[in-house]
Amino acid sequence: MMLNVAEKTENQSLTENFEVICNNGTSYNCHAGDTLLTGALRARLGLAYECNAGGCGSCKVILESGEVEDRMPHATGIKERERQRGKILACQCVPKSPCSISFKEDAESIPVIVPKLQEAIFLGSRQITHDLREFSFKVAEKMSFIAGQYALLSLPGMFGVRSYSMSNLENDEGIVQFIIRRVTGGTSTEILFDKLEPGEKCQIDGPYSSAYLRNDNSRPIICIAGGSGLAPMLSVIRGALASRVHVHSDLYFYYGGREPKDIFDRALFEELKDNPRIHLVTSVSCEFNETTEWQGQRGFIHECVEKDLANRFQESEFYIAGPPPMVDAVRRMLLLQHQVPAERLHYDRFF
């Protein structure tokens with residue numbers, strides 16, 4: 001099958017709206033600049049996805065007809081042999097003409113809140129760890145989202161968008177906060193950490209993700225995170241504390257890093273300071289003789305969770321965020337070793 005897929009360049013501008021016909025007989029209009037995925041979600045269609053960054057491969061669809069621009073032709077979430085069979089990543093492909101696509105509908109991916117693109121003003125940032133900072137923005141209007149979700153951030157001087165999870169809760173002031181890790185050589189983090197000045201304008205598009213806080217049950221909540229997975233898990237904890245449903249739920253927060261310098265100071269977050277409802281456990285995975293000052297747990301974070309809480313797994317709801325190896329290790333432990341029902345696991349892998 002010969003695909004009509006062209007690589008996107010920074011000089012190209014897409015301004016037209018195109019109809020996208022789906023194999024189930026529905027259709028939607030993909031507006032200027034939207035990918036096949038964001039267009040589908042704005043139309044409340046259940047097109048499966050996870051990272052929105054080309055890494056996970058969850059949003060693969062078959063391009064039956066039409067032409068698209070591929071923003072990330074070398075994305076790791078799709079193999080070349082899949083491309084040859086007509087598959088594309090919906091999160092990275094922007095229509096250049098009317099299109100027809102095939103995919104299996106996923107009810108879990110139908111958005112509870114339709115994502116919306118808004119202008120935002122950068123307010124400032126503060127240091128969390130040696131490589132994590134919290135960045136605050138103010139959107140033009142109130143941004144609706146559920147604890148645990150993420151948004152797509154577009155920065156001045158940057159081509160494309162980046163996915164970052166909110167660390168705060170929805171609020172009437174329109175304040176949106178992200179905890180972001182500096183990536184060596186990363187274009188977006190170089191702008192954020194070194195160049196972006198308070199008052200500069202950006203764009204925020206969201207919310208996205210189905211790994212949000214569930215308020216249809218009052219089970220104990222176990223949050224597991226590493227790296228910038230701190231952001232959505234902090235939001236989930238904050239959401240649970242504010243929820244009438246979870247007023248009596250036990251809240252466990254497990255956070256892992258390689259070295260002590262990777263672990264945040266709980267005093268930075270008001271909700272975590274001396275709160276008897278939150279059981280915060282931190283762990284480092286470096287070799288025992290690499291540090292003598294660490295007083296917390298040692299080992300990979302999924303091992304700590306299993307050691308401490310295995311007897312509570314069957315009654316709990318799980319929220320997981322961080323590097324793919326960490327998230328996958330937690331999922332294997334819960335699903336394969338302890339037979340936790342899959343519907344109780346809500347996760348985002350940060351590619």
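The values are calculated or read from the model by the stated rules, or taken from the named source; none is laboratory data. Bear in mind the structure is a predicted one, so any value in this text is a computation, not a measurement. Please note: Cβ atoms are built from the backbone with ideal geometry, for glycine as well, and neighbour counts cover all protein chains shown. Only protein heavy atoms, including side chains, enter the accessible area calculation; ligands, DNA and RNA are left aside. Shrake-Rupley method; radii C 1.70, N 1.55, O 1.52, S 1.80 Å.
Of all the options 75, 151, 53, the one that moves most in a Gaussian network model of the chain with Cα springs shorter than 10 angstrom is 75.
Let me know the shape class of the stretch 129-250, please: from the alpha-carbon gyration tensor, a ≥ b ≥ c as square roots of the eigenvalues, rounded when a/c is under 1.5, otherwise prolate if a/b is greater than b/c, or oblate. Prolate shape, in that a/c is at least 1.5 and a/b is the bigger ratio. Helix content alone sets the calculated 222 nm mean residue ellipticity of the chain: runs of n ≥ 4 DSSP H residues at -39500 (n - 2.57) each, divided across all residues, give -3500 deg cm²/dmol.
Report the relative contact order of the chain, percent, no decimals, based on alpha-carbon pairs under 8 angstrom and at least 6 residues apart. Dividing the mean separation by the residue count of the chain yields 14 percent.
Return the carbon/sulfur percentage of the accessible area of the chain, one whole number, probe 1.4 Å, all protein chains in place. Heavy-atom surface of the chain belonging to carbon and sulfur, 1.4 Å probe: 47 percent.
Per residue, the accessible area of the chain comes to 46 Å² when a 1.4 Å probe rolls over the protein heavy atoms. The value for the stretch 148-205 of Rg(Cα) / (2.2 N^0.38 Å) is 1.12.
Comparing 54, 25, 77 in a Gaussian network model of the chain, where Cα atoms under 10 Å apart are tied by springs, the biggest mean-square fluctuation is seen for 25. The Rg/Rh ratio of the stretch 227-338, with Rg taken over Cα atoms and Rh as the Kirkwood radius over Cα pairs, comes to 0.95. The order of 164, 255 by accessible area, most exposed first and with a 1.4 Å probe, is 164, 255. Connecting C-alpha atoms closer than 10 Å in a GNM of the chain, tell me which of 331, 81, 181 has the biggest fluctuation. Highest fluctuation among the options: 81. Shown here is the pair-distance distribution of the stretch 42-90: with all Cα-Cα distances grouped in 10 Å bins from zero up to the longest one, the shares run 26, 57, 17, 0 percent. Net charge of the neighbourhood of residue 246, taken over other residues with C-beta under 12 Å away and scored Lys/Arg +1, Asp/Glu -1, is +2. Of the peptides 96-107, 213-224, the order by per-residue mean of other Cβ atoms within 10 Å, starting with the highest, comes out as 213-224, 96-107. Residue ranking by accessible heavy-atom surface, 1.4 Å probe, largest first, among 335, 192 comes out as 335, 192.
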